[in-house]
Structure formats: C-alpha cells, structure tokens
Amino acid sequence: MSADVSMRDALYEAPGPRTQRRVRVGTALSLALLAAFAAFVVRQFSVNGQLDPKYWSFFARWTTWRFLLQGFMGTIHVAFMAGVLAIMGGLLLMLGRISPNRPLSAICHVITDLFRSLPSLLLIYFFFLVVPTYGIRMPAFWMITLPIGLAASGVLAEVFRAGVNAVPTGQVEAAMSLGMTHGRITRRIVLPQALRIVIPSLVSQLVVVVKDTTVAYVVSYPDLMQNARVLISNYDALVSMYFVVAILYIIVNYATNQLSIHLAHRGGTQVLSRVDEKPV
Amino acid sequence: MPVGTTEPIIRMHHVDKHYGQLHVLRDINLDVHRGEVVVLIGPSGSGKSTLCRTINRLETIDSGEILFEGRPLPEEGRELAALRAEIGMVFQSFNLFAHRTILDNVTMGPIEVLRRNRREAEAEAMELLARVGVEAQAKKVPAQLSGGQQQRAAIARSLAMHPKVMLFDEPTSALDPEMINEVLEVMVELAQEGMTMVVVTHEMSFARRVADRVVFMSDGQIVEQGTPSEFFDHPRSARARDFLDSIKGH
C-alpha cells in the first residue's frame, strides 16, 4: 500500500455515477441544514439579547485581550510542561514495565495503573490539599502541572507500550542478529518505530492534557479559563466570553494536531512495512 | 570439501528443543566446516528453520550443546551480542529496518556495533549495495523496494559485518517467482567466494548446484545427509523419497 492512499480511498471504493449523485444531494442537504442551524443560533442570540453591544463591546478594548492572552499563555505554559512531563514519565514507566527486571516491571505496572485510573481532579486535590500538610510548598503552577502531567503519563505509558508491541518482532531479531545489545535495539530500532505508530493516540492524549488545564481554577492558577471567569463576572457576559474562549481552545488543539503531524513526517519516512515473521 | 580436516566452525551436539508438547528438535548432531555450504531441506514443520535459528541463539535449546569455533554459545548479554555480530542472518521476510534508508540499514551494524567511522562504513556499504545490484536504491526506505531488492539489501546488511558464517532462513520463500533468481544469484556468488553458509530453502535447484552437503530433516530429526547427488539421486530413507516425490511436480 502506498502512503498516498488517503483514508477515504482506503475505506471506500471509487464512487460510481449513482453514488456521485447521492453524494451531491447529501452535500446540498447538509449545507442547507448547517445554514439553517447557524441562522437559528444567530436568531436565538438576538432574541435573547446576546447580540447586544454590551456583551461584545469590551472585546474592542486592548486590556480585555491582554488579560485573556495572559490566561492563554498560562494555559500554554501548563499544557506544555504537563505534556513534556507526561511524555517523559510515560516513556520511563513503559520502559520500566517492559524491562526483564521483575520487581521494577511490577512497580511501574502499579504506578501506571494508578495514574491511569485516578481522575486528574483528584490528583490535583492531592497536590493542593494533602501535599502542603507535609510542609511541601509549591507554586500554583506546579500544583496544576504535576497532577495533570502524572495522570497523562499513566495513559501515555500504555499508549507507548501498545506502540512497542506493534513493532514487528522481525525488526528486533534482525537487530539482534547484527550483534546489537538490548538497550541499543530499544533506542535505535524499537522506540523510533513505536513512536511513529502511536502519533495519533499521542495527539489525542495531548489534547486531553490541554483540556485538563481548565481545572486550574481549583488552585487559582491564572489560565485562560480562570481569566475568562474573572472577565465574565466583571462584564456579566457569559455567552460571548465562552464563545471566544472556545475558539481559542480550538486553535490550541488544532495547532497541537498540526505540530504532531509535522513531527511525524519530519523523518521523511512515511511508510512502515508490516511484514511479520513466522518462524517454523 | 573440507570434512574432518579442521575443527568445525559450528558443532551441534545432541540438541533437543520442545515447543510445549511439540518436540521440534530431536537429538540433532551436525557439524559445519569452514567454507562449507550446508542446505537444510524438509517438509514444513520439520524443524529446519528452528535449527537454523538456534545457531545464533534466536531460539534457545532445552538440552545438548552448540559450539561456535569450539566455544559454547554465550547465553546472554554482551557476549551473546558479540557472537551474533560474527554470524550473519538473512530472514524470510527481509526484516530491513523500516524507518531507515537502505544505506542506513547497511551501515547501522558497522557503525553501532563495530564502531567504524561513518565515512568508511558508508563507502563500504555502497560497494556492497553495488555488488548485490541495489546501489541505486541506497537513499530509499525499504517499503519503496521490491521484495527481491529488499532481500538483496538485507544480504548486503549482513555482509557489512564481515560474518564468519551466514545463515539463510528461507530467504526466497516470501518472494514473487520472478524475483527468486536475483536473490539466489547473489547467494551462489557468495558460496563460490568460500563463504560458510547454512541455508534453509525449498529451492532444490539451488541445493543441487551449490550445496556441499544436503541435510534432510523430518519431524525434528536429521533423517539423512549427503552430497546433493547422493541425496537427490539415491535417497536412502523412505521419508526422503516421499518428500522428493511430493515436490517433483514443481
């Protein structure tokens, strides 16, 4: 299979004349529905007075945007550090879990499952309420970043493990037959291929990390959501503010997607052969 | 054919192996001498691939011993890796590293294991790729090559390690018919240059033309062995005769 085959071509056969007609009708219908829905939304906004300038005019002020952008940068900061922490932690947990060292493997297994099954909000409360009682003071930034990063590291450890399992055994056997040692095979052969395999799941999980940062209000960390909340209470402009904030989150997550796709293709090698070997 | 004159490079002594209930290798005794080409044939499931894979310990054994240059195979770690570096292996499904170019595939062993410098390793790799006829594909990734090209590149990758022995585990079984000969030609040349080879194959014409010795296996046992003409023209055992009859149609 070539890399140029799009998902569409891989899933559906080429449309015949009847299908093409049906596709055109379907396209027209869904466009009409979409337009009707948009009109309905605008109408509801206007009926309920949400289009009133008082809900939108403050967006013309630089201070509004400066405050929102400060929150935006806070969100990016937390999401980035939590993402880095999750990827590093996930890799380490996975490597520990697949290591031949039994106790290490068992410990990593338990930690992985623990982080994976605890809600991140509960972890946040732990760092916010429990840790300080032991005299450990940390800034709000870390009280939100650590729990989100740790929760995601548990999930990513499993994602990475699935990727490692998906690398054909023949790749490892070939590396062994060249005299490569276990650690070298892991670094040079298994991980590079496993990471490429899991890019889609990795992206989904990083998007979850971005969304998890919205609970930063628990520790009063000024992220986008927290700052939006402040503006809402100042201007009493709930719907318009959430509308703008939603668009900002969509932009961040779209950028996360694009960045990952870019990284995935940077190696220049798009196609992985999946021939598995059956020894007899 | 040097037999018994020097110490064998590979010696298998009363080797047994089970997969659960299945007795895949039964009391295997086999010597391979330097420069010898030994071809393993037999019905599928007879244990010939398993036997081949025990020689560089991709498969472990339950009992008996395997000596390489007079020393038992190391069981693990750097010693085992060092042993494998001296034994080339070519697989049925090529197993080129899917994420690296053909050139990287060939230079990886010399650079990472033998600690050669990149420039020298690449120069030699290009010579080897030219020798097997795929130098034009050096910058491509494996999936962009035909099966025959991939297998020839895989042979070049093994040769780059300057192995003392080459193991071929059904090297042409996954190839389209028109690509089998281009791979066999490379193997014939290697044999003529004096490479010590253990080859698991179904290509009887190759066995006849190149083998110093044909080893026939069935049900995990070595049933009989001899020169190609002895084996193909005068098989001694009923099982060998049955096997040869069953493939005559091909």
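The values are calculated or read from the model by the stated rules, or taken from the named source; none is laboratory data. Computed from a prediction, not measured in an experiment: that's the story for all the values here. Reconstructed Cβ throughout: ideal geometry from the backbone, glycine too, with neighbour counts over all protein chains shown. For accessibility, only protein heavy atoms count, side chains too; no ligands or nucleic acids. Shrake-Rupley method; radii C 1.70, N 1.55, O 1.52, S 1.80 Å.
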Taking only pairs six or more apart or across chains, which ones have beta-carbon atoms under 9 Å, a first residue in region A:41-67 that is among the acidic types (Asp, Glu), and a second residue that is open to solvent by less than 90 Å² (accessible area, probe 1.4 Å)?
A:52/A:46
Any chance residue A:180 is open to solvent by 10 Å² or more (accessible area, probe 1.4 Å) and free of Cβ contacts under 8 Å to residues at least 40 places away in the same chain:
no
Return the residues of region B:58-85 that are within 11 Å of chain A (Cβ to nearest Cβ), without any contact (Cβ under 8 Å) to a residue 60 or more places away in the chain and either open to solvent by less than 50 Å² (accessible area, probe 1.4 Å) or part of a helix (DSSP H, G or I) (or both); say none if nothing qualifies.
B:58, B:59, B:77, B:78, B:79, B:80, B:81, B:82, B:83, B:84
Filter region B:86-95 down to the residues that are over 18 Å from residue B:124 (Cα atoms) and touching a residue at least 60 places away in the same chain (Cβ under 8 Å), then identify the one that is farthest from the other protein chains (Cβ to nearest Cβ).
B:90
Looking at region A:173-195, which of its residues are in a helix (DSSP H, G or I), more than 15 Å from residue B:96 (Cβ to Cβ) and facing another protein chain (nearest Cβ under 7 Å)?
A:184
Inspect all residues belonging to region B:160-179 and state whether any of them is crowded, with 20+ Cβ neighbours inside 10 Å and in a helix (DSSP H, G or I).
no
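Yes/no matrix, rows are residues, columns are (1) under 13 Å from the mean Cα position of the chain (by Cα); (2) over 26 Å from residue B:99 (Cα atoms):
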position	(1), (2)
B:156	no, no
B:165	yes, yes
B:168	yes, no
B:179	no, no
B:189	no, yes
B:196	yes, yes
B:199	yes, yes
B:204	no, yes
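Which members of region A:142-199 meet the condition of being of a type in the set (S, T, N, Q), over 25 Å from residue B:110 (Cα atoms) and touching a helix residue (DSSP H, G or I) at 6+ places or on another chain (Cβ under 6 Å)?
If we filter region A:142-199 for residues that are of a type in the set (S, T, N, Q), which is where we start, we get A:145, A:153, A:165, A:169, A:171, A:177, A:181, A:186, A:193.
Among the residues that remain, those that are also over 25 Å from residue B:110 (Cα atoms) are: A:145, A:153, A:165.
The answer is A:145, A:153.
Run down B:200, B:134, B:165 and say which single residue is within 11 Å of another protein chain (Cβ to nearest Cβ) and closer than 24 Å to residue B:37 by Cβ. Even if it seems obvious, please write down each step before you answer.
Details: B:134 fails: within 11 Å of another protein chain (Cβ to nearest Cβ); B:165 fails: within 11 Å of another protein chain (Cβ to nearest Cβ).
None of the others qualify; the one that does is B:200.
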Return yes or no: is residue B:101 over 24 Å from residue B:167 (Cβ atoms), within 14 Å of chain A (Cβ to nearest Cβ), open to solvent by less than 40 Å² (accessible area, probe 1.4 Å) and in contact (Cβ under 8 Å) with a residue 12 or more places away in the chain?
yes
Among the residues of region B:30-64, count how many are within 11 Å of the chain's Cα centre (by Cα) and of a type in the set (S, T, N, Q).
2
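Looking at region A:134-151, can you tell me whether even one residue there is more than 14 Å from chain B (Cβ to nearest Cβ), more than 24 Å from residue A:79 (Cα to Cα) and at pLDDT below 95? Give the steps one after another, and end with the answer.
Going residue by residue through region A:134-151, those that are more than 14 Å from chain B (Cβ to nearest Cβ) are A:134-151.
Remaining after also requiring more than 24 Å from residue A:79 (Cα to Cα): A:134-135.
Adding the requirement that they be at pLDDT below 95 leaves A:134-135.
Within region A:134-151 (the criterion being more than 14 Å from chain B (Cβ to nearest Cβ), more than 24 Å from residue A:79 (Cα to Cα) and at pLDDT below 95), the answer is yes, since at least one residue qualifies.
Are any of the residues in region A:46-58 more than 30 Å from residue A:220 (Cβ to Cβ), of a type in the set (Gly, Ala, Ser) and open to solvent by 60 Å² or more (accessible area, probe 1.4 Å)?
Of region A:46-58, the ones more than 30 Å from residue A:220 (Cβ to Cβ) are A:46-49, A:51-53.
When the remaining residues are screened for being of a type in the set (Gly, Ala, Ser), the result is A:46, A:49.
Those left that are additionally open to solvent by 60 Å² or more (accessible area, probe 1.4 Å): A:46.
Yes, the conditions are met somewhere in region A:46-58.
In this structure, is residue A:230 surrounded by 18 or more Cβ atoms within 10 Å (Cβ to Cβ), more than 14 Å from chain B (Cβ to nearest Cβ) and modelled with pLDDT of 75 or more? Show your work before the answer.
Working: surrounded by 18 or more Cβ atoms within 10 Å (Cβ to Cβ): no; more than 14 Å from chain B (Cβ to nearest Cβ): yes; modelled with pLDDT of 75 or more: yes.
No.
Take the conditions out of contact with any Lys or Arg (no Cβ under 8 Å at 6 or more places or on another chain), away from every other protein chain (no Cβ under 12 Å), in contact (Cβ under 8 Å) with a residue 12 or more places away in the chain and of a type in the set (Phe, Trp, Tyr) and apply them to residue B:206. Does it pass? Break it down stepwise before answering.
Details: out of contact with any Lys or Arg (no Cβ under 8 Å at 6 or more places or on another chain): yes; away from every other protein chain (no Cβ under 12 Å): yes; in contact (Cβ under 8 Å) with a residue 12 or more places away in the chain: yes; of a type in the set (Phe, Trp, Tyr): yes.
It is true that residue B:206 is out of contact with any Lys or Arg (no Cβ under 8 Å at 6 or more places or on another chain), away from every other protein chain (no Cβ under 12 Å), in contact (Cβ under 8 Å) with a residue 12 or more places away in the chain and of a type in the set (Phe, Trp, Tyr).
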Condition check for residue A:254: away from chain B (no Cβ under 14 Å), open to solvent by 30 Å² or more (accessible area, probe 1.4 Å) and at pLDDT below 85:
no
Filter the helices (runs of 4 or more DSSP H) completely within region A:1-107 down to those with at least 1 residues that are under 30 Å from residue A:158 (Cβ atoms).
A:7-11, A:62-98
